[in-house]
Amino acid sequence: MKKNVRKAIIAGNWKMNKTRPEAKALLEELKPMVSDVKDVEIVACVPFTNLETALAATAGTNIKIGAENCHFEKSGAFTGEISADMLAEMGVEYVVLGHSERRQYFAETDETVNKRTKAALAAGLKPIVCVGELLWERECNITEEVIARQIKLDFFNVSAEELKKCVIAYEPVWAIGTGKTATADQAEEVCAFIRATLAKLYGADVAETITIQYGGSMNAKNAAELLSKTNVDGGLIGGASLKAADFTTIITAAVNG
Ligand code: PGA
């Protein structure tokens, strides 16, 4: 990663895990372990029900809190949904959007990811927008086409100034929760391709400043190698973010990366 030009960000994606007492316990354990970290932004993206607990537990610390999704409308008859304004008002800073589990199980499309990204930006949140290819798309050699299409659609009508507030997470779908990590070279190849795509859309100067994370079975063992790559500026961590010691090891790898 290139820490001199862009921010290194390690974000945990807790998914549908942890009750409020469990969330508090995990963050209380994590806090002293990472309190000295300066050059790496630490984020915990937690279930909606844990947001208030997480914000209270991390107030005044170097751990930022994110949500795992938001709806694209400001308010209205959308039973069960949460708006970007509701999150921003609480003090939430980040929001994961377009995660492959949302695309796969909840029928989200690039069009709705784009709308959510615009809504999150309008509310002052920092979107972590996820892109990634399916295994058979990789096998059919269309990874770059898939990624370019997602980037173009997910950021449609997003200005350069707005893009600078976004993080992009490259998460190959075949690597998520499977224990199958992309090799560091595979991660670097696609993260570099994402940056080249952004350069075409926004110019090289803007593209150079955007944080691009890798996600998909990143863990305490493989993080250092992945984060040593020029275009891998951080990680979006699922399973390993649920263990304070493993998450801290990944953060330390980013500090040294
Ligand atoms: P994983 O999840 O680290 O458990 O593979 C990553 C993610 O889905 O963000």
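When Ile176 is tested against (1) more than 16 Å from the ligand (Cβ to nearest atom); (2) of a type outside the set (Lys, Arg); (3) closer than 24 Å to Glu111 by Cβ; (4) at pLDDT below 95, only condition (1) is not met.
Has segment 127-147 got at least one residue that is open to solvent by 50 Å² or more (accessible area, probe 1.4 Å), charged (D, E, K, R) and touching a strand residue (DSSP E or B) at 6+ places or on another chain (Cβ under 9 Å)? Checked against the condition, which is being open to solvent by 50 Å² or more (accessible area, probe 1.4 Å), charged (D, E, K, R) and touching a strand residue (DSSP E or B) at 6+ places or on another chain (Cβ under 9 Å), segment 127-147 yields no hits at all. If you take the residues of segment 233-250 that are more than 14 Å from the ligand (Cβ to nearest atom) and of a type outside the set (S, T, N, Q), which of them is nearest to Val5 (Cα to Cα)? Ranking the qualifying residues of segment 233-250, first place goes to Asp233. Restricting attention to segment 162-183, which residues are open to solvent by 10 Å² or more (accessible area, probe 1.4 Å), part of a helix (DSSP H, G or I) and closer than 18 Å to Lys7 by Cβ? Residue satisfying the conditions is Glu162 alone.
Within segment 79-107, being over 19 Å from Asn50 (Cβ atoms) and among the basic types (Lys, Arg) holds for one residue alone: Arg103.
The single condition among (1) surrounded by 19 or more Cβ atoms within 10 Å (Cβ to Cβ); (2) in contact with a helix residue (DSSP H, G or I) (Cβ under 9 Å, 6 or more places away or on another chain) that Thr109 does not satisfy is (1).
Given the criteria in contact (Cβ under 8 Å) with a residue 12 or more places away in the chain and acidic (Asp, Glu), does Glu188 qualify? For Glu188, the condition - in contact (Cβ under 8 Å) with a residue 12 or more places away in the chain and acidic (Asp, Glu) - is met.
The values are calculated or read from the model by the stated rules, or taken from the named source; none is laboratory data. Small disclaimer: the values here were computed from a predicted structure and weren't measured. Counting neighbours? That spans all protein chains shown, and the Cβs are built from the backbone with ideal geometry, glycine included. All accessible areas refer to the heavy atoms of the entire protein, side chains included, with ligands and DNA or RNA removed. Shrake-Rupley method; radii C 1.70, N 1.55, O 1.52, S 1.80 Å.
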